[in-house]
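These notes are about the structure you will find just below.
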Amino acid sequence: MRITLFGTRGSRPVSGLQYNCYGGDTTCAAVFADSQKTFILDAGTGICGLNQIGDKELYLLLTHLHWDHIQGLPFFEPAYNTDKNVLIYGKANGKGVKKVLENQHERMNFPVPFDAQKGIKDIFEFGPGEEIYDDGELSIDTLLQNHPSGGSIAYRFRERRANGEYATFVFSTDYEPEHNWLDDKVAEFWNGADLVIADMQYEPQDSEREENKYKPGWGHSDYKSGIRLATVAEVKKLVGTHFNPLSTDNYLVELESRMKEEAGRVAEQLGKTEVETGLAQPLQTHILPSESYVL
Ligand SMILES: [Zn+2]
Ligand SMILES: [Zn+2]
């Protein structure tokens, strides 16, 4: 499978020269499976980078319904194309995924109603922990994570490669570590993955840095928690995303070097293999070449 980021920003979109490398659009990633199926993770403003996609069938998997994860959907052109078959998956929340998406299109908010999105053929709600997809070659599992308003969903993709081995990718954003049993569940969910793309919105709790200061209860993680979890879970590569709008390119370049140091330190401390680290860059980045992860 190939994984490409289209939106890497948390909370709200940003623009300006200081965001050229690490991007300004809110959360969206795509998984292009070897079977030619395409899975889109979240519908932040980054989803507009997929407006010209040729696929007839598109699976849109929502981690949760906070605005920065759905605000691109009213501008996603395939959703209006009757010939498309867009299937949306979201966690059951009592109110209904459809109802929340419809609210974005209330006439006072947006001039086009939700039911004009004729490309959206179905909305599936599932319980956390359910396997939502399995075609024999690729399966997708889910996990409930600690996040305000009922939690967010992490997705784990497992695909059989041509050589019979498996490639595993986990998308685990909008998650606040609790340093208890819930974290053990996250480590278990990440276990042995080739790639984990994870929340790195804030500085760690013990950081004295004022920029991107950790906000208890706001539902986000940091590079130290991510590296510790990934090392315990023997993840091959850990990539941070969901950047604070205040995180400029200069800050994130410096964070990448701190991540590398931390990965070495934690590996030594735990007697484990050092996890490879990095930060997400979206496809539409203006200066650096786009980056896709091929597993
Ligand atoms: Zn978010
Ligand atoms: Zn959120």
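The values are calculated or read from the model by the stated rules, or taken from the named source; none is laboratory data. Not measured: the values here are computed from a predicted model. In this analysis, Cβ positions are derived from the backbone assuming ideal geometry, glycine residues included, and neighbour counts consider all displayed protein chains. Each accessible area value is taken on the protein alone, full model and side chains, heavy atoms only, with ligands, DNA and RNA left out. Shrake-Rupley method; radii C 1.70, N 1.55, O 1.52, S 1.80 Å.
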If I take the Cα coordinates of the stretch 125-281 and project them onto the principal axes, what are the three extents in Å, biggest first? 48, 35, 29
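Leaving out ligands, DNA and RNA, what percent of the accessible area of the stretch 2-294 is carbon and sulfur, probe 1.4 Å? Intermediate values should be presented prior to the final figure.
Details: 6400 of 12850 Å².
So the carbon and sulfur contribution to the accessible surface is 50 percent.
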Report the far tail of the P(r) of the stretch 1-136, meaning the percent of Cα-Cα pairs longer than 27 Å. 17 percent
Quick one: if you stick a label point 7 Å off each Cα along the C-beta vector at R161 and D135, how many nm between them? 2.0 nm
Which residues does a label at L270 reach in the stretch 212-256, if reach means a backbone N under 11 Å from a point 7 Å past the Cα toward the Cβ? 225-236
Cα extents of the stretch 61-104 along the principal axes, largest first, in whole Å, come to 31, 18, 17
List the lysines whose alpha-carbon lies under 27 Å from that of K84, not counting same-chain residues fewer than 8 positions away? K37, K56, K95, K98, K99, K118, K121
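Using a Förster radius of 30 Å, what is the FRET efficiency between K236 and E57 based on their Cβ-Cβ separation? Nearest 0.05, please. Working shown, then result.
Numbers: r = 30 Å, r/R0 = 0.99.
The calculated FRET efficiency here is 0.50.
Could you tell me what percent of the DSSP beta bridges with both partners in the stretch 1-79 are antiparallel, to the nearest 5?
Around 65 percent antiparallel, to the nearest 5.
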Cα-Cα pairs above 22 Å in the stretch 129-205: how many percent? 26 percent
Jot down the radius of gyration and Dmax of the stretch 2-294, Cα atoms only, both in angstrom. 18.2, 58
Under the 7 Å Cα-to-Cβ spin-label approximation, F75 and N191 lie apart by a distance in nanometres of 4.1 nm
How much accessible area does K98 have with a 1.4 Å probe, in Å² rounded to the nearest 10? 100 Å²
